[in-house]
Amino acid sequence: MAFDPSLNGMSATTEKTETVTRWAIGALFALITAIALTHAGNWDEYHFLRLVHEYLGDHPLKPMQTFHVHLFGWLAALPGTEFTQIVAGRLVMMAMLALTCLSIFRITRDMTDAPSARLATLAFLASGFVLGHGASFRADPLAAGLLMAALALMMTTRMRMPQIAVTALCCALALLVTIKAALFFPAFLAALLYRGQAEAALRRKLLACGLALALAAGLFVWHRAGLTIPDGGDAAGAAKGAFQKTLLSTELLPRRDTIALWAVMSLPLLAMALWGLLAPAQQRGVKFVALLMGAQIAILLVYRNAFPYFFPYIVPPLAGLVALGAQSLGPVARKILVAGMVLIATAQTALILQERPDAQRATLGEVHDLFSDPTATLSGSDLVASFPNAGFFMSTWGMESYRAAGEPRLAPAIREHAPKVVIADRWPLHDALTATEAQLTFLTTGLLPEDIAALRAAYVHYAGQIWVPGRDVIATGAAQEISLPIPGLYRLETSEPVTLDGTSLKTGDVIDVTDQPIVLIAQAGTKLRLISAVAKATPPVLPETPLYYAFWSR
């Protein structure tokens, strides 16, 4: 083994722990790469991708938190479905996660020593939700990498002009990608105070921050000028609404269950952070700086959107306290903590790898097989991100706003946009389409009755979580009027000959439905289906399981 100065003078136990730490960091990166390639997509990953497709298609787009569309337009040119594009985007986020870890190491090595810095880096990688969400295709990993890189430059370099320029660019891009960048304010205040006795360094750091704000403002104006802004899409209103919803409208610890789970999976990290808070620092003022860096974790007390993906974003600056704690540990304690991190990471990986993307890939593959060109869809998320979605985003926030407004949204969308396919990717849609008439009486927290009626009148089940335009009818023996709200070609599926609008038809015949309603005459009790002619006569067998995991929960 090559000589490493950081190992010089160490005991055999400490040297072995260091070796294990290095290997564990490499193994975790390999695991995260495997997860990025195979893990089922989260609903907001598809939403993040949809914004890119909307921008490329010149659709109306809100300017706030959409700057990433300029960075990921190349994804649309990739072959394959939206899942393929998300995996490619995740590989970029892997690079950003690596940048986050490198920045953690550089900062904490400057505050403590190399072995403690490596242990702090491993503690972050093995902490709760990093394996599953640290490289997910959303704004958080991108912003975390940029902000941590800026902090590392401010805290470990002399901040000459190249460092000032890179720091300003990183901060500006992070702020444009997500307004959550403002949550890093305590960490940046700590960076300003670190080695604050050097007045020239402080001035250069302030200059970088000022340039970042000016650059962000200029890029935002440029970004906004190239968009068609939808009604109600102004930046100030969006920022105010997000602030009120996420910080001012909830009780203390609104995501206490998620926080508790994160804490259990992050016990080694939290133990070292607590020890760092109690143990004496070897450098003057370092503990205060580390405490200030970690102060942003307090946002968990009031932040409504502290979902699992938020923790890999908000936790990295806590590494300062973690490294201080690691520096004060003896060799046996370090060995125990490393073993604990490896064990917890292994358990997390076993759970994460069970969330397979098979249902998503099969559903996306079938939709793209049915429709070679983008067509209007209706879904509760943005699974088919490259197709226009006539529905609305049925997150908990979206459903709360929908129920509070008390106005149907899907019935008007069906009339106006005539969606050619419905993806039941959210439980309100699934319940509305599959519940019996008796069960519908008890659906008091899902879709409004008008929207449920519109869905059931226009669509029939095709395969998996896919519904297409159509009607299932049982003939009465007399003339019946049938309405098909979505105009187009329909194929008849029946066991007996029927007459539609005076024309005798058999199973497999196709009719063009434009005028409404059509008149059916058939023998009483005859079961028939009129289904969109786009649907295959023999539907594929698709998974009937939910397309998402936690997002499906009520």
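If you check V384, V332, V338, which single one turns out to be of a type in the set (A, V, I, L, M), open to solvent by 30 Å² or more (accessible area, probe 1.4 Å) and in contact with a helix residue (DSSP H, G or I) (Cβ under 8 Å, 6 or more places away or on another chain)?
The unique qualifying residue is V332.
Looking only at residues in the range 502-518 that are within 49 Å of the chain's Cα centre (by Cα) and farther than 25 Å from H417 by Cα, which one is most open to solvent (accessible area, probe 1.4 Å)? This residue is K506. The condition of being among the hydrophobic types (A, V, I, L, M, F, W, C) and at pLDDT below 95 holds for only one of V286, V264, that being V286.
Among the numbered criteria (1) touching a residue at least 24 places away in the same chain (Cβ under 8 Å); (2) out of contact with any Ser or Thr (no Cβ under 9 Å at 6 or more places or on another chain); (3) surrounded by fewer than 21 Cβ atoms within 10 Å (Cβ to Cβ), which single criterion is violated by V289? Every condition holds for V289 apart from (3). Taking the criterion of being of a type in the set (S, T, N, Q), over 26 Å from A139 (Cα atoms) and either in contact with a strand residue (DSSP E or B) (Cβ under 8 Å, 6 or more places away or on another chain) or in a loop (DSSP other than H, G, I, E, B) (or both), the only residue of the range 287-331 that qualifies is S328. For the range 511-539, residues that are part of a loop (DSSP other than H, G, I, E, B) and touching a Phe, Trp or Tyr at 6+ places or on another chain (Cβ under 9 Å) total 5. Just the residues that are farther than 17 Å from G320 by Cα and touching a Phe, Trp or Tyr at 6+ places or on another chain (Cβ under 8 Å), please, taken from the range 180-209. Selection gives K180, C209. Only one entry of E54, E82 meets the criterion of being among the acidic types (D, E) and open to solvent by less than 10 Å² (accessible area, probe 1.4 Å), and that entry is E82. For the range 177-225, taking the residues that are part of a loop (DSSP other than H, G, I, E, B) and at pLDDT below 95, the one that is least open to solvent (accessible area, probe 1.4 Å) is identified as Y194. Looking only at the range 102-134, residues that are open to solvent by less than 10 Å² (accessible area, probe 1.4 Å), within 30 Å of V52 (Cβ to Cβ) and not hydroxyl-bearing (S, T, Y) come to 7 in all.
The values are calculated or read from the model by the stated rules, or taken from the named source; none is laboratory data. Values in this document were obtained by computation on a predicted structure and should not be read as measured data. Don't worry about glycine lacking a Cβ; one is built from the backbone with ideal geometry, like all the others, and counts go over all protein chains shown. Note: areas computed on protein heavy atoms with side chains; ligands, DNA, RNA excluded. Shrake-Rupley method; radii C 1.70, N 1.55, O 1.52, S 1.80 Å.
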